[in-house]
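Scroll down for the structure; my scribbles are underneath it.
The values are calculated or read from the model by the stated rules, or taken from the named source; none is laboratory data. Just so it is clear, the model here is predicted, and its values are computed rather than measured. Heads up, the Cβs are rebuilt from the backbone with ideal geometry, glycines too, and the neighbour counts pull from every protein chain shown. Accessible surface areas use protein heavy atoms only, side chains included; no ligands, DNA or RNA. Shrake-Rupley method; radii C 1.70, N 1.55, O 1.52, S 1.80 Å.
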Amino acid sequence: MRPLAWYFANDPAATKCGDQFLLGRDMLLAPVLGKDATARTVYLPRGLWFDFWSGAAIEGGQHIAQEVDLTTCPLYLRGGAIVPMAPPRQYIDPNLPDHEITLQLWLGGRSSLRWYEDDGQSLGHQSGRYSARVIESADLEDFGFLRFGKTTGKRRSHVQVWRVILHGMADEFAFSANDIPFEADLDSETGICTFALENCPDEFTIRWDSRS
């Protein structure tokens, strides 16, 4: 949990926000603190943000009025954010790893994350028994990419499939993996594009180019 001032120190409105916070750099939460509240004001710093629940894209640098209820907390993702997700569990067991990881990517910027795995129990990571790679993304005017860096470490990744969900895909794009074309599913109403690919330890790049 981080205050907005960590990343928006030059934004006076952001530094004054005492009832909002960031999870990491890319997720902004605005908890509802008023009893029986049906709306609250949220400040979004400069840049492009996405409402997690509705998918709406919103230009930052402004206060917005957000309707609220008891089932959701106002949550916004920075354009360019990559958020890995796994199926929900009610327990932790390192012997039952997740073989499919969903990468949710909100378009409109650049981002990177370091994907890391170890056995979750021993100190083997100190002698290199881990698996790590850098995942980068960029969304430019007429093309974008999602690049998986070469895996490092002595441990084999448990991830077998990457499921990718792109948010904010407004137009038709041609997709390729290491220059080999493939088809992705686009919902034109929501702007959500999905595809899945097998994991491999080598570097590989997913690219989308405008068809227009």
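Taking every C-alpha pair closer than 8 Å and separated by at least 6 residues, the mean separation divided by the residue count of the chain gives a relative contact order of 14 percent. Entry note, segment 1-111: relative contact order of 21 percent, from Cα contacts under 8 Å with a spacing of 6+ residues. In angstrom, the C-alpha Rg and Dmax of the chain are 19.0, 55. Peptide packing for 31-39, 78-86 was compared via the average number of neighbouring C-beta atoms within 10 Å per residue; ordered from the highest value, the list is 78-86, 31-39.
With all protein chains in place and ligands, DNA and RNA left out, the 1.4 Å accessible area ranks Ile92, Ile165 as Ile92, Ile165, largest first. The helix-only estimate of mean residue ellipticity at 222 nm for the chain, built from DSSP H runs of length n ≥ 4 each weighted as -39500 (n - 2.57), is -500 deg cm²/dmol after division by the residue total.
Among Ile192, Ile180, Ile101, the largest mean-square fluctuation in a Gaussian network model of the chain (Cα springs under 10 Å) belongs to Ile180. The label point for Asp209 and the one for Ser127, both projected 7 Å from the Cα toward the Cβ, are 4.8 nm apart.
Inter-part distance, segment 43-81 to segment 118-137, computed on C-alpha centroids, equals 33 Å. Given +1 at the Cβ of Lys and Arg, -1 at the Cβ of Asp and Glu and no other charges, the dipole of the chain around its Cα centre is 1020 debye to the nearest 20.
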